[in-house]
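These notes concern the structure reproduced below.
The values are calculated or read from the model by the stated rules, or taken from the named source; none is laboratory data. Every value quoted in this text rests on a predicted model; they were computed, and no experiment measured them. Here the Cβ positions follow ideal geometry from the backbone for every residue, glycine too, while neighbour counts run over all protein chains shown.
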Amino acid sequence: MASMRDIKRRRSSIASTQQITNAMKLVSTVKLQKTKARAERSKPYFDKMYATVTSMLAKSGTIEHPYLKPQASGKKAVIVVTSNRGLAGGYNASVIKLITGSDLKPDDLLLYTVGNKGKEYFQHREYTIAKDYSEVIENPMFSDAKEICEEVLGGYAAGEISEIYLAYTYFKNTVVHEPKLLKLLPVEIEEADIEAAKADSLMNYEPEETEALEIIIPKYVTSILYGALVEAIASENGARMQAMDSATSNAQDMIDHLTLQYNRARQGSITQELTEIIAGANAIQ
């Protein structure tokens, strides 16, 4: 059994760690309230944007446009949204598994990383980091999403990229965060949506369909990416709050256990001292 001094030192160390994790929990809680409100305000817009564009394309018939069919050549681009810091439970690992656990091959990918944790993981393996935007995740703005999309869409238009994916964490509520891998381009329409659209009249474009899609699709992709960034930062703070809450509770359990050990060791020491005193008194008699 460890000595009383060792137990007391360890208990003091864990108590100090508990104060840190509790402080981090409080900071994450405050940040979560702000980012959660932002995500909830923006969510209806991006959901409606997605529904509107897919419905529009489903009613467009057979349109020949690069945004609606895979490029003949080029690699697959993945925009990976993680955090800049750890201590967020399995938040970053879940996003990374979306890529490592998929059918996407490392030598066929170009990664556009948003967040240091994703960049650090993939750059030490066989993946190619095309560009890093880690500073964006601290306070994502629509202009940041537009800059990323212009870079990726430029590669798509040049034939360097054949498909575009987005890996991020969907914010469902404070405690539920769902990692998602979305295919942004070429735009895919569900068969059920196409069948439902056949009953309606075809979409008419003004100006012509090619020119209209050149404007609509980049705005659509930018909006989806911005929505993902907003939801990702809310999910990160929610995950960190839960992780720090669990760490604080575990520290308290360890402190309680060490306190019990310390009391037992102290009681054993007192008993031993009393036994030695009684034995010494008996020996003198």
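Observations
- Long-range neighbours under 7 Å by Cβ, at least six apart or interchain, first residue assigned to a helix (DSSP H, G or I) within the range 255-267, second of a type in the set (Asp, Glu): none
- The one condition in (1) surrounded by 20 or more Cβ atoms within 10 Å (Cβ to Cβ); (2) at pLDDT below 90; (3) closer than 30 Å to LYS34 by Cα that ASN173 fails to fulfil: (1)
- Test: residue in the range 134-149 that is crowded, with 19+ Cβ neighbours inside 10 Å and among the hydroxyl-bearing types (Ser, Thr, Tyr): no
- Any hit, the range 96-116, residues being closer than 23 Å to ARG38 by Cα and among the acidic types (Asp, Glu): no
- Among residues of the range 79-106 that are buried (at least 20 other Cβ atoms within 10 Å of the Cβ), those with a Cβ under 6 angstrom from a residue that is of a type in the set (Val, Ile, Thr) and in a loop (DSSP other than H, G, I, E, B), sequence gap 6+ or separate chain, pair up as ASN92/THR82; VAL95/THR82.
- For the range 57-72, the set of residues classified as over 17 Å from GLU206 (Cα atoms), outside any helix (DSSP H, G or I) and either modelled with pLDDT of 75 or more or not polar (S, T, N, Q) (or both) consists of LYS69, PRO70, ALA72, listed by residue number.
- Cβ separations smaller than 6 Å between residues 6+ apart or across chains give the following pairs from the range 130-158 residues that are under 25 Å from TYR67 (Cα atoms) and without any contact (Cβ under 8 Å) to a residue 60 or more places away in the chain to residues that are of a type outside the set (Phe, Trp, Tyr) and not in a helix (DSSP H, G or I): ALA130/LEU110; ASP132/THR113; TYR133/VAL114.
Residues are listed down the side, and each one gets a yes or a no for (1) part of a helix (DSSP H, G or I); (2) closer than 23 Å to ILE161 by Cβ:
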| residue | (1), (2) |
| --- | --- |
| VAL78 | no, yes |
| ASN92 | yes, no |
| LEU98 | yes, yes |
| ASP107 | yes, yes |
| TYR112 | no, yes |
| ARG125 | no, yes |
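- Top-ranked residue of the range 253-281 - restricted to ones that are aliphatic (A, V, I, L, M) and closer than 14 Å to SER3 by Cβ, ranked as surrounded by the fewest Cβ atoms within 10 Å (Cβ to Cβ): ALA265
- Of the listed requirements (1) surrounded by fewer than 17 Cβ atoms within 10 Å (Cβ to Cβ); (2) in contact with an Asp or Glu (Cβ under 9 Å, 6 or more places away or on another chain), ASN250 misses just one: (2).
- Some residue of the range 259-266 being charged (D, E, K, R) and at pLDDT 85 or above: yes
- Selection status of THR54, in a helix (DSSP H, G or I) and either more than 20 Å from the chain's Cα centre (by Cα) or without any contact (Cβ under 8 Å) to a residue 60 or more places away in the chain (or both): yes
- Residue within the range 27-35 that is surrounded by 13 or more Cβ atoms within 10 Å (Cβ to Cβ), over 16 Å from the mean Cα position of the chain (by Cα) and among the basic types (Lys, Arg) present: no
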